[in-house]
1. Residues to consider are PRO64, PRO79; find the one that is out of contact with any helix residue (DSSP H, G or I) (no Cβ under 8 Å at 6 or more places or on another chain), surrounded by 11 or more Cβ atoms within 10 Å (Cβ to Cβ), free of Cβ contacts under 8 Å to residues at least 60 places away in the same chain and not assigned by TED's automatic domain parsing to the domain that holds THR189.
2. If I filter the stretch 189-216 down to residues being in a strand (DSSP E or B) and not polar (S, T, N, Q), which single residue comes out as nearest to ARG344 (Cα to Cα)?
3. If I filter the stretch 158-173 down to residues being free of Cβ contacts under 8 Å to residues at least 12 places away in the same chain and acidic (Asp, Glu), which single residue comes out as surrounded by the fewest Cβ atoms within 10 Å (Cβ to Cβ)?
4. Only helices (runs of 4 or more DSSP H) wholly contained in the stretch 275-346 count here; list those with 1 or more residues that are under 25 Å from ASN182 (Cβ atoms).
5. Among (1) crowded, with 18+ Cβ neighbours inside 10 Å; (2) modelled with pLDDT under 90; (3) not in a loop (DSSP other than H, G, I, E, B), there is one condition ALA128 misses while meeting the rest; what is its number?
6. Would you confirm whether any residue within the stretch 142-160 is assigned to a loop (DSSP other than H, G, I, E, B), closer than 20 Å to ASN304 by Cα and either in the same structural domain as THR95 (by TED's automatic domain parsing) or not acidic (Asp, Glu) (or both)?
7. Could you list all residues from the stretch 294-334 that are surrounded by fewer than 20 Cβ atoms within 10 Å (Cβ to Cβ), in contact with a helix residue (DSSP H, G or I) (Cβ under 6 Å, 6 or more places away or on another chain) and closer than 14 Å to GLU357 by Cβ?
Amino acid sequence: MFLAKLSRQKPVRLSLSLTLSTRHLSSKLHEHYAFKPPPSLSPGPQNQSLNSNPITSLKKQKKPPYRPPSSLDRTGLEPMRSKLPFDFRYSYTETSPNVRPIGLREPKYSPFGPGRLNREWTGVCAPAMSPKVKSVEGVEDPKLEERRKAMRESILGKPLTEAERKILVERCQRGKTKRQINLGRDGLTHNMLNDIHNHWKHAEAVRIKCLGACTVDMKNVCIQLEDKTFGKIIHRQCGLLILYRGRHYKPKKRPVIPLMLWRPHEPIYPRLIKTTIDGLSIEETKEMRKRGLSVPVLTKLAKNGYYGSLVPMVRDAFLSSELVRIDCQGLERSDYKKIGCKLRDLVPCILVTFENEQIVVWRGKDYKPPENRYFLADREPFEDLEADMVSYAKGHDSSQEEDFNLVIDETPPQL
């Protein structure tokens, strides 16, 4: 047993002797060739710091994330200058320049952003001229009117023929294209002008669908669309419009339309419904409100519907009863307030109450039906090409009143 253990320990001694001999040989080679290792390979704190620098320098630095250029970012640039000859408002159909607010709900912060527009924000609009001009009160500069008219005539050019109009209308049908702009409860907004010009890049005409409170006064919607875009409505069926851009329209020379970055707060206007109706006492006003809420409903308005026939319905109802009630259940309070305000001006009538989501209007003591019983029909004829050619030859735009005013008893021709 003892001899076996000794035999087992011999190879261990041999391996130790081999390792010592190799170490001794390596030291001889080092002394013989005088090899000096570079400082990067020699151990030490200084060499560690030297080793760290080249490694870090060889590492690629991360690139900043790519940010696509945005037209909203105007840091370091001059304010935008727009040559459009009209005041910039949030909505051109739901706000009237003739009605002056009695106060503001917030300071006069521009919705275009600080320093992005050369026009000053008055709390209601950004006037085309100096804010000292009474443009907010509805008095416009005649120079701006002439400039607006000249721009529109230069873009529209010669009126379309009946064949050209039918071709454009056919291209804008739902089965042909899906391009469409929707006008909702806010009506024709300022940023919607930019959307219309974006659609005009790809097609000569664009389809516009109008729904909501703005459709009570479709005549105003059509006038504002043509006035602010310098286009021409070539087809209308209820709330569906087709707006033509004009013969001489060039997308590369489109007008500069600065976008509103947020919706401005609505200013404070006078109350629509007073505590006592003019010409009545407090008791008579209370009785009228109770009686108005018990009157049979004339019609029920659907949410985001088309209300173009509401004004003639109220006018006809006033021939048989002095109070008219309209059911507005499901509508937003701001929506049926706008509808009531439009009825007051268009019918005309006196607002009684908005309680229980109802619109109650009174025709007044000395009611006389309007002499010009005109309203906008469901379909509008556009076949009167001779009148357009005559007006184009004379150098002025075709009269909008003759185009839009249609007699109630007249049946609209089928297109």
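1. Just one listed residue meets the conditions, PRO79.
2. CYS210
3. So, considering only residues that are free of Cβ contacts under 8 Å to residues at least 12 places away in the same chain and acidic (Asp, Glu), the one surrounded by the fewest Cβ atoms within 10 Å (Cβ to Cβ) is GLU170.
4. It comes to 310-317, 333-346.
5. (3)
6. No.
7. If the condition is that a residue be surrounded by fewer than 20 Cβ atoms within 10 Å (Cβ to Cβ), in contact with a helix residue (DSSP H, G or I) (Cβ under 6 Å, 6 or more places away or on another chain) and closer than 14 Å to GLU357 by Cβ, then GLN329 is the only one that fits.
Residue-by-condition table, conditions (1) modelled with pLDDT under 95; (2) of a type outside the set (Asp, Glu); (3) surrounded by fewer than 19 Cβ atoms within 10 Å (Cβ to Cβ):
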site: VAL206; (1), (2), (3): no, yes, no
site: VAL256; (1), (2), (3): yes, yes, yes
site: HIS265; (1), (2), (3): yes, yes, yes
site: LEU280; (1), (2), (3): yes, yes, yes
site: GLY292; (1), (2), (3): yes, yes, no
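The values are calculated or read from the model by the stated rules, or taken from the named source; none is laboratory data. Given the structure is predicted, the values throughout are model-derived calculations rather than measurements. When we count neighbours, we look across all protein chains shown, and the Cβ atoms used for this are built from the backbone with ideal geometry, even at glycine.
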